[in-house]
Amino acid sequence: MNSKVRQTIRVALALVLFAETQADGAQPEKPLHWWKGNLHTHSLWSDGDEFPEIIAEWYKTNGYHFLALSDHNIMQKGSKWVAVTNAARRAVLEKYIARHGADWAKQRVTAKGVPQVRLKTLEEFRGLVEKEGEFLLIPSEEITDKFKQDDRRHEIHLNATNLRELIKPRGGTSVVDTMQRNIDAVLAQRERTGQSMFPHINHPNFQWALTAEDLMQVQGEQFFEVYNGHPSVRNAGDAHHAPLERVWDILLAFRLTELKRGPIYGLAVDDAHHYQRFTISNSNPGRGWVVARAPRLEAAAIVAAMEAGDFYASSGVRLKTMERSGRGLSIEIDAEPGVEYTTQFIGTLRGFDPSSRPAPQPTNSALPVTRIYSSEIGALLAETRGPQAEYKFHGDEIYVRAKVTSTKPKANPYAKGETEVAWVQPAVAPAFDVPPVARARRVPRERAVTPSRR
Ligand SMILES: [Zn+2]
Ligand SMILES: [Zn+2]
């Protein structure tokens, strides 16, 4: 038996074992609970306008169980002083002192006469808000990188959740290379420290930085933001640019078939910067979050649940139950009186048309645009009204995901007319899935399958 045949048999066996463990639905030792959290938040440690402990308290008192403070290229470690030189900052400091006392807020005046306040580190302030089984802070960073070529500038931002040590932006020779080097840095730290952590790709449509063709080439990456509450991130695309939900289906269709990279999961996040004034033009907390199902409120358990796709993303709609398997997808919505719910099951079937053509280039931007693909990718396979919705695989599905829309207007919306939504992670047919351990692994570049273009 040659090595290629042996390798094929090994892969086939692994897939069978994987399908069986999925089908068995092995009983967890501890009962599972739903935990609500936001993985993308800024504080005074970078360009947020509030102290981290005040932000954490906002989330804790607004029904969240976990929060990742993800400042730009910095973790809440070491010594950091911020200037208190304008009225707005002084008002924030006064509020902070009123809450935590003048002793807690350490102040000084620099030799040049600039008044400053020292920010507390995560280790210093987490004890104020954390409570076992109730509220958890997860260390994080928004690795804030860019790729520039001629007059083109791509903002490339990735969050690293449950990071242990700061990662400086890695740079790169192309958009994809820049993403990949930063992803690799997170995966390498995970490998070296043994601490569960994952990268996720932020707001691909922010300044139209990333196309579906860019995103489908990265490896070891399992998450991206399908909804970000910052008012300038363009989740819904525009006349020239694909909405992020469309990008999600394009990625799923190609990653699960010719690229064999496993599913990519969609996150909803706040990307909050503004905590003083709640308005549609500010990036406020409370717009998008994830709800993960885990036995305990611990960072490693949250990471594991999310890597298994055992979570949903939401801008308001709550679920009571959610079952995803290689056989289908079912949910029960935690329905509110007077609100109507519609669940769409969106998926791509075997033998879909993989061809694409270039999208027209917008006149005001030189950046590449996601290509136009067949409507067989991300097709509406079924639609159900009411609180219960179920989709059973017929056998020709590659994956199916669910989107629940409601008639309930979103409070302090990201965009005018927004109503509350939930996004359920895709259920993948066993033949197209990749064992979870293999998803976060990097394939040496020379062996990697690159997407074909037809
Ligand atoms: Zn960003
Ligand atoms: Zn951000």
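Data for the structure
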read-out: Complete set of residues in the stretch 34-47 that are within 14 Å of ligand 1 (Cβ to nearest atom) and surrounded by fewer than 23 Cβ atoms within 10 Å (Cβ to Cβ); value: Ser46, Asp47
read-out: Asn182 being assigned to a helix (DSSP H, G or I) and either surrounded by 16 or more Cβ atoms within 10 Å (Cβ to Cβ) or within 16 Å of ligand 1 (Cβ to nearest atom) (or both); value: yes
read-out: Test: Leu158 is more than 14 Å from the chain's Cα centre (by Cα) and modelled with pLDDT of 95 or more; value: no
read-out: Residue satisfying all of: in the stretch 190-208; surrounded by fewer than 23 Cβ atoms within 10 Å (Cβ to Cβ) and either assigned to a loop (DSSP other than H, G, I, E, B) or within 16 Å of ligand 2 (Cβ to nearest atom) (or both); farthest from the chain's Cα centre (by Cα) among these; value: Gly194
read-out: Scope the stretch 391-411; condition of a type outside the set (Lys, Arg) and under 15 Å from Pro426 (Cβ atoms); matching residues; value: Tyr391, Phe393, Glu397, Ile398, Tyr399, Val400, Ala402, Val404
read-out: Residue list for the stretch 188-213, filter: within 12 Å of ligand 1 (Cβ to nearest atom) and in contact with a strand residue (DSSP E or B) (Cβ under 6 Å, 6 or more places away or on another chain); value: His200, Ile201, Asn202, His203, Phe206, Gln207, Ala209
read-out: Any hit, the stretch 126-136, residues being within 16 Å of ligand 2 (Cβ to nearest atom) and either aromatic (Phe, Trp, Tyr) or not in a helix (DSSP H, G or I) (or both); value: no
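Yes/no matrix, rows are residues, columns are (1) touching a residue at least 12 places away in the same chain (Cβ under 8 Å); (2) outside any loop (DSSP other than H, G, I, E, B); (3) over 17 Å from Gly316 (Cβ atoms):
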{"site": "Leu44", "(1), (2), (3)": "yes, no, yes"}
{"site": "Glu53", "(1), (2), (3)": "yes, yes, yes"}
{"site": "Tyr59", "(1), (2), (3)": "yes, yes, no"}
{"site": "Tyr64", "(1), (2), (3)": "yes, no, no"}
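The values are calculated or read from the model by the stated rules, or taken from the named source; none is laboratory data. Remember, predicted model here, so these are calculated numbers, not experimental data. Note that each Cβ is placed from the backbone with ideal geometry, even for glycine, and that neighbours are counted across all protein chains shown.
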